Every structure is written in C-alpha cells, then in structure tokens.
Amino acid sequence: MSAPIVRAASGGRFLRNRVLLPLVGVLIVACAWEATLLVYQLPVIVLPAPLSVVQTLGELVVTASFWHDVGISLYEFGAGYALGVVGGVAVGMLMGESRYFRMTATPVIEAFRFIVPFAWIPLTILWFGTSFTGKILLVAYAVFFVMVVSTARAVAQVEPTLTRVGTMLGMGSVALALNVHLRAAAPGIASGARAAAAIGWIAVVAAEYIGASAGLGVLITNAASSLATATVIAGMIVIGVVGAGVSEAIRWLSRAYLDYR
C-alpha cells in the first residue's frame, strides 16, 4: 500500500475517532437534555436549554474575570500537582527499593490515603484561610498518595532480569534505582500520574466551592447563589473540558517522552 493511501487512511481514522464520534456523543447528550425539558416541562431556573447554556458560555469566555478564575484554578492545581507527583514518586521509590522503609511507611500511608482530600477542607480553611496555600496543599495531598501507590507497585513489577544485569554491571543500589528501576517503572508511573491529575483537579475545584476568593469553584458558587443555573452548568462544562485537557496533555507527554501507550 502506497504512502499517500496509508496517510489518507490514517487521516480518516483520526477524523472518525477524534472528531466525528465525540460529536455524536455530544449530540446524544444534547438530545437527551432537550427531551428531558420537553417531557417534564422544567423551568429555566431548574434546567435551562442547551442553547441557553452555550450562549452563556460564549458570554463568559469573552470576559477577563472568567479567564482569571480559570488561571487561578490551573495555578493551584499545577503547583499542588507538581508537589504531589515529586513527593509521591520519591516516597514510592523508597518503598519499592527498601523493605525496611516499606514496612515502616506502609501503615502510615495506608491510613492517610483513605482519608479523602475533602475531609481536610475545613482544616485547610482554618489554617490557611482562602489563600492559595491551602488549595495547593490539598491538591498535593490528593496526588501524593496516588503516586506513592502507583510508583511502589510499578517498581515492584520491574523485571528481575534488569536488576540482575545492572548488578552484574557493577551498579550500586542508588544507580539501580535511578537508572534501571525508575526507567523501567516509568510507564506505570505515568499511568498513575494521569489518574492522580483527575483526583487533583477535582480536589482543587471542590476546595474552591467552600473557601476561596477566585477560581472556577467560586464562579459556580456565586452563580448558584444568584440562581443563574445556566452559568452553573457552563462552569461545570468548563471544569470538565479543562480536566480532560489536562489528562490528555499528560497522556501526550507520556507518549512523547516514554513511548507509553
């Protein structure tokens, strides 16, 4: 098969899988939405029409305050996510490499990772008020435990042959951990990083609902207080789109730098 035909077939699959099928999904949701309005005759304050939400979203995206809220949420998420990933990978590597450290840390990790991030929201507000610090630490907390477990599991599943080869080449424990185990575990760590991003994004928006002066959570809270249901739903759509974009960016980086599928 010639190269132009292969490229055309690949382009057709991309158009179908990345554009047409997602549009079909959106249309199905919109039709179900409209059907619900027609069947139950819901008032606008309960559930506005899809077109009304789209118009509201269009009005929001041209305002500076909207992009300020988006930027604040992304900043809080990005800073917390970076802290959580670095700390989680470091602790996960230690747990995977050292039996004594794993035995010492496991009870603490297991106890804390089942305390959901939202349970900490009242305390973060008490300790940090509505500053960025509380939200950043909350995201870091949410991401940290996902990365610890994912990293430790990925290191434990590294092929033992790689360890034996590294040892035969004269590598010490630190060199083995960084140059062999970490690289071999990279796909599993990347998968955990993508899952952690979803949890971290949920955590920052949830924290903004309760204690913040700016952000997408604040935008939705203020709209709900004003009974602006269309704005609430538009904000929810933005949260979903931005979260999906973050997840896709992490997946792209994984494929680009780790050849991870």
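Side notes on the structure shown:
- Selection status of Ala214, assigned by TED's automatic domain parsing to the domain that holds Val89, in a helix (DSSP H, G or I), in contact (Cβ under 8 Å) with a residue 24 or more places away in the chain and touching a helix residue (DSSP H, G or I) at 6+ places or on another chain (Cβ under 6 Å): no
- Count of region 16-52 residues, restricted to those that are surrounded by 14 or more Cβ atoms within 10 Å (Cβ to Cβ) and either hydroxyl-bearing (Ser, Thr, Tyr) or at pLDDT 95 or above (or both), is 1.
- Counted residues, region 24-66 - those being of a type in the set (Phe, Trp, Tyr) and out of contact with any helix residue (DSSP H, G or I) (no Cβ under 9 Å at 6 or more places or on another chain): 1
- Region 59-73 - residue that is touching a residue at least 24 places away in the same chain (Cβ under 8 Å) and more than 14 Å from Thr231 (Cα to Cα) and, of those, surrounded by the most Cβ atoms within 10 Å (Cβ to Cβ): Ser73
- Tyr75 being part of a helix (DSSP H, G or I), in the same structural domain as Ile250 (by TED's automatic domain parsing) and under 30 Å from Ala156 (Cβ atoms): no
- All of (1) in contact (Cβ under 8 Å) with a residue 24 or more places away in the chain; (2) in a loop (DSSP other than H, G, I, E, B); (3) surrounded by fewer than 23 Cβ atoms within 10 Å (Cβ to Cβ) hold for Ala206 with one exception: (2).
- Residue count for region 177-203 satisfying the condition of being without any contact (Cβ under 8 Å) to a residue 12 or more places away in the chain and of a type outside the set (A, V, I, L, M): 1.
- Test set (1) crowded, with 16+ Cβ neighbours inside 10 Å; (2) of a type outside the set (Ser, Thr, Tyr); (3) more than 20 Å from Ile109 (Cα to Cα) - Met236 fails condition number: (1)
The values are calculated or read from the model by the stated rules, or taken from the named source; none is laboratory data. A quick note: this is a predicted structure, and the numbers were derived from the prediction, not measured. Please note: Cβ atoms are built from the backbone with ideal geometry, for glycine as well, and neighbour counts cover all protein chains shown.
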